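**Q** Following this message is one structure expressed as structure tokens.
The values are calculated or read from the model by the stated rules, or taken from the named source; none is laboratory data. Here the structure is a predicted model, which is why all the values come from computation and not from measurement. Quick reminder, even Gly has a Cβ in these numbers, built from the backbone with ideal geometry, and neighbours come from all protein chains shown. Ligands, DNA and RNA are stripped out before the accessible areas are found, and what is left, the full protein with its side chains, is counted by its heavy atoms. Shrake-Rupley method; radii C 1.70, N 1.55, O 1.52, S 1.80 Å.
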Amino acid sequence: MRSGITRLVLVGAGPAHLAVLGRLAAHHPGDLQVTLLTRWPQHTPAALLPSLMAGGRTPEQARIALPALLQAAHARALAGHCIALNAEARQLTWQPADGSAPQTLDFDLLSLDPAAALDRERLDTRWPGAREHALALWPLEGLLALWPGVLALAQRQPVSLAVIGGNTAAVEAAFAAAERLRRDGAPGSTFTLVTGGPEPAAELPARARQRVRQRLRRAGIQVLCEPCTGFTAEGVRLGNGALLRCDVPLLACPGDAPAWLAVSGLALGDSGRVRCDDHGRSLSHPAVFASGEAAERGAHAPDHDALAPLLLAAHAGTPLKARRPPRQPPMLLACGEHHALAVWGPWVVQGAWVRRWRERRDQRALDRHARPAP
């Protein structure tokens, strides 16, 4: 029995949607029309950020070209981004990348997996001066376009770089920036991690946090457990009233929920993201699935590989099968040149071999999507 679902729209080229396209390359129902809405013709996995900043890979070596994957999945792409969503009417409005007039797109089934991004319109409200003076870590493609300018500055003179954020992505960015600028830049550059209050990598267990602090000290990265209150041309304003002078402030806080979710009609959590059931389906609108930056954090969302079977079941009109929560793999935290930490529950190991493990894992994930199934 068919459900009447023929139009599947995927918003964003996040890892869950890459897995969906890979599954559709192997099995694509003949009556299912698939559209991917994304800003860029390629996808750069966020996990490759440390390697990209440190110079271990070039941007070209880290990008997954979407046209070949879309062709294999018999899906079409629209170059642009979502600016409004009416979940009740099953219609979204999107802005084409060429700057032409916004267009509407109807759907029967919608999946949201946008890339991490900081809302530029909200930045100056949260951190006055951020839009003018700070470099944002997200979206990653934006950072990659501006990072060569930071390298050029560091080759001309010693620079002071401050990473604003205390999560693991911010910690990895601080290690990678210090590694690259010390290796390829002028001697004398300095590095600071401004955590916002908590200690670095606060989401990790205590033993892992201790190892992170030790590695930061060894790398010569100063840690300030102070909130950032704004930016000026001279540097970063701190919660204690001090001014941290720096040439390159890098804003590495977690990405924002897409602003258009607020008026979408979907049930949202406190963070402004979609509240989902155990299948990653909206609690208020079953025709909408959410993953990554669109889904409420802490929800029992399916893993990336589980989304494709769920969408295909919804298309076929069959019950969504309950899945046992996936076993979480070890977290591999890059800590500068030839070093990484592996964190799995209470267990923590570290060394150059963990960094090689991390690089092999990232390469396997890249190869998996770079070579779609016939």
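**Q** Assign one of three labels to region 1-141, namely rounded, prolate or oblate, based on the Cα gyration tensor with a ≥ b ≥ c the square roots of its eigenvalues; rounded applies when a/c is under 1.5, prolate when it is not and a/b is larger than b/c, and oblate otherwise.
**A** oblate
**Q** Moving on. Whole-Hz ³J(HN,Hα) for each residue in region 75-83, computed from phi via Karplus 6.51 cos²θ - 1.76 cosθ + 1.60 with θ = phi - 60°, x for glycine and proline: what do you get?
**A** The phi angles translate into 10, 9, 10, 10, 8, x, 9, 6, 10 Hz.
**Q** A follow-up question, please. To the nearest 10 square angstrom, how much accessible area does Phe191 have with a 1.4 angstrom probe?
**A** Accessible area of Phe191: about 10 Å².
**Q** Let me ask you something else. What is region 108-212 by shape, rounded, prolate or oblate, if you read a ≥ b ≥ c off the alpha carbon gyration tensor as root eigenvalues and call it rounded for a/c under 1.5, prolate for a/b larger than b/c, and oblate otherwise? Don't jump to the answer; show the numbers that get you there.
**A** On the way: a/c = 1.74, a/b = 1.22, b/c = 1.42.
Because a/c hits 1.5 or more and a/b fails to exceed b/c, region 108-212 counts as oblate.
**Q** List, in order, the whole-Hz ³J(HN,Hα) value for each residue of region 232-249 obtained from phi through the Karplus relation with A = 6.51, B = -1.76, C = 1.60 and θ = phi - 60°; use x for Gly and Pro.
**A** 10, 5, 8, x, 10, 8, 9, x, 7, x, 7, 10, 8, 6, 7, 8, 10, x
**Q** Just to confirm my numbers, what's the Cα centroid distance between region 88-123 and region 1-72 in Å?
**A** Cα centroid to Cα centroid, the span is 16 Å.
**Q** Under 16 Å from a point 7 Å along the Cα-to-Cβ line of Asp98: which residues of region 58-87 have their amide N that close?
**A** 77-81
**Q** Could you rank Thr125, Thr58 by how accessible they are, 1.4 Å probe, largest area first?
**A** Thr125, Thr58
**Q** Per residue, how much accessible surface does the chain expose to a 1.4 Å probe? Answer in Å², no decimals.
**A** Here the residues of the chain average 46 Å² of exposed surface.
**Q** Could you rank Asp277, Asp113, Asp247 by how accessible they are, 1.4 Å probe, largest area first?
**A** Asp247, Asp277, Asp113
**Q** What ranking of Cys225, Cys82 comes out by heavy-atom accessible area, probe 1.4 Å, highest first?
**A** Working: Cys225 55, Cys82 10 Å².
Reading off the accessible areas and sorting them downward yields Cys225, Cys82.
**Q** Hey, what number do you get for the chain at 222 nm if only DSSP H runs of n ≥ 4 count, each worth -39500 (n - 2.57), divided across all residues, to the nearest 500?
**A** Calculated at 222 nm, the ellipticity per residue is -9500 deg cm²/dmol.
**Q** So for the pair Gln363, Ala242, with labels modelled 7 Å out along Cα→Cβ, what separation do we get in nm?
**A** 4.3
**Q** Under the classification rounded if a/c is under 1.5, otherwise prolate if a/b is larger than b/c and oblate if not, where does the chain fall, given a ≥ b ≥ c as square roots of the Cα gyration tensor eigenvalues?
**A** The shape class here is prolate.
**Q** Which FRET efficiency value, to the nearest 0.05, do you get for Ala259 and Ala316 by plugging their Cβ-Cβ distance into 1/(1 + (r/R0)^6) with R0 = 25 Å?
**A** Numbers: r = 34 Å, r/R0 = 1.35.
My answer for the efficiency is 0.15.
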